[in-house]
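Q: Below: one structure in structure tokens.
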Amino acid sequence: MNELIPLMVIVPLMAALLISAFSKFNRITKIFAFVVALCLPLIPILSNYGLHYFGGYEPMLDNVTGVMFHPAITYSFTFLQQVFIGAVGLLTFLVIFIYLTKYKEVSGPYLFLLFLGTAAVTAMILTDDIFHMFVFFEILALAQVGIVAASSIDYSYEMALKYMILGSIGSPMMLLGIGFLLALTGSVNITDIASAVHMGLIDATSPVFLLSLALIFFGWLYASGLPPFHTIKSGIYSKAEPHGAALLQSFTVMAMISIVLIMFRIYSSLPIFEVLIVFFSILAMILGVSLALTQTDFRRMIGFLAVGELGFIGLGIGLGTNFSLTAGLFQALNEILITALLFIGFGAIVNATNEVDTRKLGGLLAYHPKVSIMLLIGGLAMAGVPPLNGFQSKLMLVQASLSCGFPELSILAIMVSIATFVVFVKTYYTIFLKPKPNDLELENRDVPRSMVLVMGILLIIIVILGIFPDMVTNGISSFVGGIL
Amino acid sequence: MKLYDQIFGVVKQFKKLFSPGPVTNADVSGSITAEIFLIVSMVLAVILLRHISPLLAGLVTLILAIVLISNIPLIPKFKIEQEDSLEKMLFYAIVVLALIVTFIYWGGSLV
């Protein structure tokens with residue numbers, strides 16, 4: 001059913017608008033939000049692979065040059081899109097489930113932002129039109145700002161505003177880069193642009209083409225939270241509600257892979273492109289983990305770890321082989337799941353203690369054993385401990401960098417994994433294992449059951465992907481073979 | 001003894017990093033790990049320059065290692081530069097934009 005392809009974007013988008021318009025009817029809003037959120041992971045499962053041309057404008061063949069042109073905005077739906085849209089759809093459902101069960105009176109604008117963000121990342125990964133991608137990239141940035149500002153955490157407005165101001169540098173640069181590409185090729189369709197570059201119709205060393213790479217690359221750094229945007233990215237995660245942060249990080253990963261795959265298709269002929277990706281990925285890994293080690297606010301610590309993990313994704317993509325790209329994309333899927341589990345789990349601790357400073361916490365293993373065990377397994381998965389999914393993707397990345405002739409990168413990846421393990425063990429010890437401070441009050445504060453249930457679901461997926469990685473990696477590898 | 005004193009001095013400087021509030025053993029050990037991780041990973045990353053020139057890689061690695069070790073503690077300095085100040089974030093964003101454009105525009109065809 002190819003008709004379902006556009007519905008993956010239209011359904012959350014329409015739901016966002018309707019919920020915002022009718023939010024004063026609390027009960028109906030709750031039921032409607034739940035039903036729509038349930039549909040989000042189901043649509044990509046039921047849909048067939050294929051292409052959707054908006055307006056029905058089929059590709060046209062130029063009889064003189066023999067080149068195919070794509071006049072319509074095209075959505076391409078393959079196994080990769082199915083997996084990632086399914087994962088984000090499931091996460092959106094779980095996050096909305098937590099939100100609906102946590103509050104009696106729900107906020108229409110907040111649900112609007114959650115659905116809007118999901119629609120935006122879905123469109124970004126489906127589209128074959130670079131300007132269409134930019135429009136949804138902007139919508140996503142606004143939704144992210146809104147989700148942070150709508151949380152009731154101190155200084156969340158300030159952090160959201162800073163993110164928006166930094167976005168006012170990143171986004172126009174990307175638009176300018178897209179403008180240069182349009183000027184060179186006369187098209188915004190990515191397939192058309194890529195074929196023009198690979199057929200030699202554009203001089204890949206021309207200053208305008210190189211400048212377009214620089215500007216789009218800078219916009220990508222902003223979207224993915226790689227340095228120099230790692231501080232603000234970890235900051236917005238720490239100032240959002242825990243379930244909101246879980247969704248925000250999945251939006252970041254989706255935006256990162258959507259844009260980098262577009263850049264890869266257009267600029268992969270330039271060696272400098274891969275050099276830049278590897279450089280910024282190494283920087284993200286080093287800075288993310290070093291700064292995570294020094295944090296006392298555990299939400300900020302997870303934020304920095306999430307940024308460090310983005311470096312692994314970039315590393316896989318920057319190495320540029322089929323195996324490394326597969327590993328990078330598999331790592332992206334794993335990060336969406338693991339980081340969501342950690343944000344929700346540590347959010348449950350905030351809910352129970354109203355405290356984020358690790359120095360003021362302790363002894364929580366006796367009070368919240370289920371949460372602590374699930375967090376422990378989630379942390380081990382992030383650090384790359386077998387047989388969990390993080391181990392599988394990180395092992396693939398180490399193998400990929402070795403086979404590409406970069407043993408330094410393999411050693412660095414292992415070191416970052418060890419440092420991640422240290423961060424997690426330190427935090428776990430201070431929150432759960434050390435004696436409980438006398439002034440820490442835990443009376444009448446329990447972890448919501450919905451949070452425990454969601455953590456359990458995410459954990460099951462993490463373990464399944466760890467034991468059977470081929471379920472995903474074979475399909476991703478076929479997709480990567482198509483773009484290489 | 002000089003190196004021991006230097007490391008002890010580093011630990012004492014970590015106090016500022018966690019103020020206000022107490023400094024726990026876990027925080028200090030985390031910061032020392034970060035310090036060592038930062039130095040080793042940066043030196044390791046620089047070895048990648050061997051793909052351009054082995055001599056360049058050797059020289060840069062040696063110089064970087066000396067500069068980093070003689071400037072410990074690095075983490076407090078790093079943390080001050082990576083704080084939530086909008087001015088610093090904007091500064092680094094603009095510097096990186098300038099570097100990327102310069103590097104790609106003038107060096108893009110060379111790599």
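The values are calculated or read from the model by the stated rules, or taken from the named source; none is laboratory data. Since the structure is predicted, the reported quantities are computational estimates derived from the model, not experimental observations. Glycine gets a Cβ as well: all are built from the backbone with ideal geometry, and neighbour counts include every protein chain shown.
Q: Does the range A:170-189 hold any residues that are in a helix (DSSP H, G or I) and of a type in the set (A, V, I, L, M, F, W, C), and which are they? Break it down into steps so the answer makes sense when it comes.
A: From the range A:170-189, those in a helix (DSSP H, G or I) are A:170-185; that's our starting set.
A:M173, A:M174, A:L175, A:L176, A:I178, A:F180, A:L181, A:L182, A:A183, A:L184 - these are the residues of the range A:170-189 that are in a helix (DSSP H, G or I) and of a type in the set (A, V, I, L, M, F, W, C).
Q: Kindly establish whether A:P407 is without any contact (Cβ under 8 Å) to a residue 24 or more places away in the chain, out of contact with any Leu (no Cβ under 7 Å at 6 or more places or on another chain), on the phi < 0 side of the Ramachandran plot and not small (G, A, S).
A: Values: without any contact (Cβ under 8 Å) to a residue 24 or more places away in the chain: yes; out of contact with any Leu (no Cβ under 7 Å at 6 or more places or on another chain): yes; on the phi < 0 side of the Ramachandran plot: yes; not small (G, A, S): yes.
Here the answer is yes, as A:P407 does meet what is asked.
Q: Note down all Cβ pairs under 6 Å where the first residue falls in the range A:45-72 and is free of Cβ contacts under 8 Å to residues at least 40 places away in the same chain, the second is β-branched (V, I, T) and in a loop (DSSP other than H, G, I, E, B), and they're at least six residues apart or on different chains.
A: Listed by first residue and then by second, the contacts come to A:Y49/A:T78.
Q: Out of the helices (runs of 4 or more DSSP H) lying entirely within the range A:267-357, which hold 2 or more residues that are within 12 Å of chain B (Cβ to nearest Cβ) and either at pLDDT 95 or above or touching a Phe, Trp or Tyr at 6+ places or on another chain (Cβ under 9 Å) (or both)? It would help to see each step written out before you state the result.
A: Working: elements: A:271-293, A:298-319, A:322-353.
So the answer is A:271-293, A:298-319.
Q: Something else: Answer yes or no: is there a residue in the range B:90-104 that is part of a helix (DSSP H, G or I), among the polar types (S, T, N, Q), at the interface with chain A (Cβ under 10 Å from one of its Cβ atoms) and over 20 Å from the mean Cα position of the chain (by Cα).
A: Initially, the range B:90-104 is screened for residues part of a helix (DSSP H, G or I), giving B:90-104.
Then keep just the ones that are among the polar types (S, T, N, Q); that gives B:102.
Going one step further and asking which of them are at the interface with chain A (Cβ under 10 Å from one of its Cβ atoms), we end up with B:102.
Those left that are additionally over 20 Å from the mean Cα position of the chain (by Cα): B:102.
Among the residues of the range B:90-104, at least one is part of a helix (DSSP H, G or I), among the polar types (S, T, N, Q), at the interface with chain A (Cβ under 10 Å from one of its Cβ atoms) and over 20 Å from the mean Cα position of the chain (by Cα), which makes the answer yes.
Q: Looking at A:L376 and the list (1) outside any loop (DSSP other than H, G, I, E, B); (2) within 14 Å of another protein chain (Cβ to nearest Cβ); (3) without any contact (Cβ under 8 Å) to a residue 60 or more places away in the chain, which single condition is not satisfied?
A: Looking at each condition in turn, A:L376 falls short on (2).
Q: Select from the range B:60-89 the residues that are under 16 Å from B:V43 (Cα atoms), of a type in the set (A, V, I, L, M) and within 11 Å of chain A (Cβ to nearest Cβ) and list them in ascending order.
A: Scanning the range B:60-89 gives B:L74, B:I75.
Q: Being in the same structural domain as A:L319 (by TED's automatic domain parsing), surrounded by fewer than 19 Cβ atoms within 10 Å (Cβ to Cβ), within 30 Å of B:V23 (Cβ to Cβ) and over 24 Å from the mean Cα position of the chain (by Cα) narrows it down to one residue among A:L442, A:L402, A:L376; which is it?
A: Values: A:L402 fails: within 30 Å of B:V23 (Cβ to Cβ); A:L376 fails: over 24 Å from the mean Cα position of the chain (by Cα).
Just one listed residue meets the conditions, A:L442.
Q: Please state which one of B:I94, B:I72 is surrounded by 15 or more Cβ atoms within 10 Å (Cβ to Cβ) and at negative phi.
A: B:I72 is the lone residue from the list that is surrounded by 15 or more Cβ atoms within 10 Å (Cβ to Cβ) and at negative phi.
Q: Testing A:V9 on (1) modelled with pLDDT of 95 or more; (2) outside any helix (DSSP H, G or I), one condition comes back false. Which one is that?
A: Exception for A:V9: condition (2).
Q: Condition first: farther than 26 Å from A:Q81 by Cβ and either assigned by TED's automatic domain parsing to the domain that holds A:V454 or in a loop (DSSP other than H, G, I, E, B) (or both). Now tell me which residues in the range A:91-128 satisfy that.
A: Passing the criteria: A:Y103, A:K104, A:E105, A:V106, A:S107.
Q: Is it fair to say A:A160 is within 20 Å of A:P242 (Cα to Cα) and either crowded, with 19+ Cβ neighbours inside 10 Å or at pLDDT 90 or above (or both)? Outline the logic, then answer.
A: Working: within 20 Å of A:P242 (Cα to Cα): yes; either crowded, with 19+ Cβ neighbours inside 10 Å or at pLDDT 90 or above (or both): yes.
So A:A160 fits the description; yes.
Q: Do we find a residue being over 30 Å from A:S151 (Cβ atoms), of a type outside the set (V, I, T) and in contact (Cβ under 8 Å) with a residue 12 or more places away in the chain anywhere in the range A:82-92? Break it down stepwise before answering.
A: Within the range A:82-92, the first condition is being over 30 Å from A:S151 (Cβ atoms), and the residues that meet it are A:82.
This time we only want the ones that are of a type outside the set (V, I, T), so: A:82.
Add one more test, that the residue is in contact (Cβ under 8 Å) with a residue 12 or more places away in the chain, and what stays is A:82.
Yes: one or more hits.
Q: Is there a residue in the range A:246-262 that is assigned to a helix (DSSP H, G or I) and at the interface with chain B (Cβ under 10 Å from one of its Cβ atoms)? Spell out how you get there, then give the answer.
A: Pass one, the range A:246-262, residues assigned to a helix (DSSP H, G or I): A:246-262.
Next, from what is left, pick out any that are at the interface with chain B (Cβ under 10 Å from one of its Cβ atoms): none.
Looking through the range A:246-262, none of the residues is assigned to a helix (DSSP H, G or I) and at the interface with chain B (Cβ under 10 Å from one of its Cβ atoms).
Q: Hey, another quick one. Does A:L126 satisfy being touching a strand residue (DSSP E or B) at 6+ places or on another chain (Cβ under 6 Å), under 20 Å from A:L247 (Cβ atoms) and in contact (Cβ under 8 Å) with a residue 60 or more places away in the chain?
A: Values: touching a strand residue (DSSP E or B) at 6+ places or on another chain (Cβ under 6 Å): yes; under 20 Å from A:L247 (Cβ atoms): yes; in contact (Cβ under 8 Å) with a residue 60 or more places away in the chain: yes.
Here the answer is yes, as A:L126 does meet what is asked.
Q: If you go through the range A:198-211 one residue at a time, do you hit one that is more than 14 Å from chain B (Cβ to nearest Cβ), at negative phi and touching a His at 6+ places or on another chain (Cβ under 9 Å)?
A: Checked against the condition, which is being more than 14 Å from chain B (Cβ to nearest Cβ), at negative phi and touching a His at 6+ places or on another chain (Cβ under 9 Å), the range A:198-211 yields no hits at all.
Q: Within the range A:410-434, which residues are of a type outside the set (A, V, I, L, M) and facing chain B (nearest Cβ under 9 Å)?
A: Once the filter is applied, which keeps residues that are of a type outside the set (A, V, I, L, M) and facing chain B (nearest Cβ under 9 Å), the range A:410-434 yields A:K426, A:T427, A:Y429, A:T430, A:K434.
Q: With respect to A:V447, determine if the residue is outside any helix (DSSP H, G or I), closer than 26 Å to A:I464 by Cβ and more than 12 Å from chain B (Cβ to nearest Cβ). Step through it out loud before you land on a result.
A: Numbers: outside any helix (DSSP H, G or I): yes; closer than 26 Å to A:I464 by Cβ: yes; more than 12 Å from chain B (Cβ to nearest Cβ): yes.
Yes, satisfied.
For every residue, the table says whether it meets (1) crowded, with 19+ Cβ neighbours inside 10 Å; (2) of a type outside the set (S, T, Y).
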residue: A:S417; (1), (2): yes, no
residue: A:Y429; (1), (2): no, no
residue: A:L433; (1), (2): no, yes
residue: A:G466; (1), (2): yes, yes
residue: A:N474; (1), (2): no, yes
residue: A:G481; (1), (2): no, yes
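Q: Here's a follow-up. Right, A:F134: more than 27 Å from A:T78 (Cα to Cα), more than 14 Å from every other protein chain (Cβ to nearest Cβ) and either in contact (Cβ under 8 Å) with a residue 40 or more places away in the chain or of a type in the set (K, R) (or both) or not?
A: On the way: more than 27 Å from A:T78 (Cα to Cα): no; more than 14 Å from every other protein chain (Cβ to nearest Cβ): yes; either in contact (Cβ under 8 Å) with a residue 40 or more places away in the chain or of a type in the set (K, R) (or both): yes.
Taking the combined requirement at face value, the residue does not satisfy it.
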